[in-house]
1. I'd like to compare 78-90, 27-39: which one has the highest average count of other Cβ atoms within 10 Å, and what's the full order after that?
2. Let a ≥ b ≥ c be the square roots of the eigenvalues of the Cα gyration tensor of region 1-124; is it rounded (a/c under 1.5), or, if not, prolate (a/b larger than b/c) or oblate?
3. What is the sum of charges, Lys and Arg at +1 and Asp and Glu at -1, for the other residues whose Cβ falls under 12 Å from the Cβ of TRP118?
4. Quick one: pull the percentage of alpha-carbon pairs in region 48-186 with a separation above 22 Å.
5. Mind pulling the angle between the C-alpha long axis of helix 109-123 and the longest principal axis of the chain? Nearest 10 degrees, somewhere in 0 to 90.
6. Just LEU148, LEU47, LEU23 to compare: in a GNM of the chain, with alpha carbon springs under 10 Å, which one fluctuates most?
7. Around PRO56, what is the net charge, scoring Lys/Arg as +1 and Asp/Glu as -1 over all other residues with Cβ under 11 Å from its Cβ?
Amino acid sequence: MKQRKGLSTRSVVATGIGAAVFLILFKFVAIPTGIPNTQINVAEAWLSLLAAIFGPIVGGLVAFIGHALNDAISYGSVWWTWVIADALFGVVLGLAVKKMNLINGDLTTKKLVGFNVWQLVANLIAWSVIAPLGDVLIYSEPASKVFLQGFVSTGINFVSVGILGSLLLVAYNKTQVKQGSLKEKD
């Protein structure tokens, strides 16, 4: 059988719907932190579920499209360094979850802890390194401002994904048939 290249129809639909929900959550379910342009956001928890179900490409595309649309609608222009950081966050989450095989009906505490270690690493890379460095190098933003935003975003997103993302993964996993649980009766 010939292997198809590109995204499946399922992945394309998941990307479109996922990006739309991400945009709505990012725009309307956000609580200001007091740090400029930094808010508590549940969109990242939604992204963790999509990255777990559909993998790194869909995770990256959902974050990229959803974040870019939010910036364009909210601010009139796109802040590309943070959009790219969000896309990278989605890709890293998708790779980590795929490697750990979380979505097979067999989500253990050990796997959930592993997921949260990986999402912390992804948050650190995206928000404490990529986004602020990009802001300093591309937009000539003051380092103290953007690194503060990055560190706050890292912590907030870690907690959001750690609590809400983990709950979403547990809930979704309960809908899945445990691998090897369907046996033929004699």
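1. On the way: 78-90: 23.2, 27-39: 13.0.
Final packing ranking: 78-90, 27-39.
2. oblate
3. Details: positive: LYS98, LYS99, LYS111; negative: none.
Around TRP118, the charge tally is +3.
4. Working: 3989 of 9591 pairs.
That tail contains 42 percent of the Cα-Cα pairs.
5. Result, in degrees: 30.
6. In the Gaussian network model the winner is LEU148.
7. Details: positive: LYS98, LYS99; negative: none.
The answer is +2.
Bear in mind that the values in this text are calculations on the coordinates, not laboratory data. The shown structure was predicted, so the numbers you read here are calculated from the model rather than taken from an experiment. Note: ideal-geometry Cβ built from the backbone for every residue, glycine included; neighbour counts use all protein chains shown.
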